[in-house]
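Enquirer: First the structure, then my questions, so here it is.
All of the numbers you see were taken from the coordinates with simple rules; none came from a lab. The structure presented is a predicted model; accordingly, all values stated were derived computationally and were not measured. Please note: Cβ atoms are built from the backbone with ideal geometry, for glycine as well, and neighbour counts cover all protein chains shown.
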Amino acid sequence: MDVSEHTLVPEHTLIDEEDLDEVLEEYDIKRTDLPKIKRTDPAIPDEAEVGDVVKIVRESRTTDRAVVYRLVID
């Protein structure tokens, strides 16, 4: 079974460098300041590599949807 297709797993997508630069600038942080996610996590896209950043969109009762970013690590 493909875990990423399960209804309870939020959407995980890789973001490109241009979009990442905007996010880092908006929050005034560095890439390494982002929370981490392991490369072996079954929910992240197969093409994700160490050093990439994954955008995770979750449903939220208070804000309709919540967007978080995670740095892929070993």
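Enquirer: What is the range 13-74's relative contact order, in percent, from Cα pairs under 8 angstrom and six or more apart in sequence?
Expert: 40 percent.
Enquirer: State which stretch of the chain is the longest one without any exposed trypsin sites (Lys or Arg not before Pro), exposure meaning a DSSP loop state and at most 10 other Cβ atoms within 10 Å.
Expert: Answer from the scan: 31-60.
Enquirer: Based on the alpha carbons, how large is the Rg to Rh ratio for the chain when Rh follows Kirkwood? Walk me through the numbers on the way to the answer.
Expert: Numbers: Rg = 12.6 Å, Rh = 12.9 Å.
Rounded to two decimals, Rg over Rh is 0.97.
Enquirer: Could you compute the FRET efficiency for Ala43 and Asp21, with r as their C-beta to C-beta distance and R0 at 30 Å, rounded to 0.05? Before the final figure, lay out each step's value.
Expert: Details: r = 24 Å, r/R0 = 0.82.
My answer for the efficiency is 0.75.
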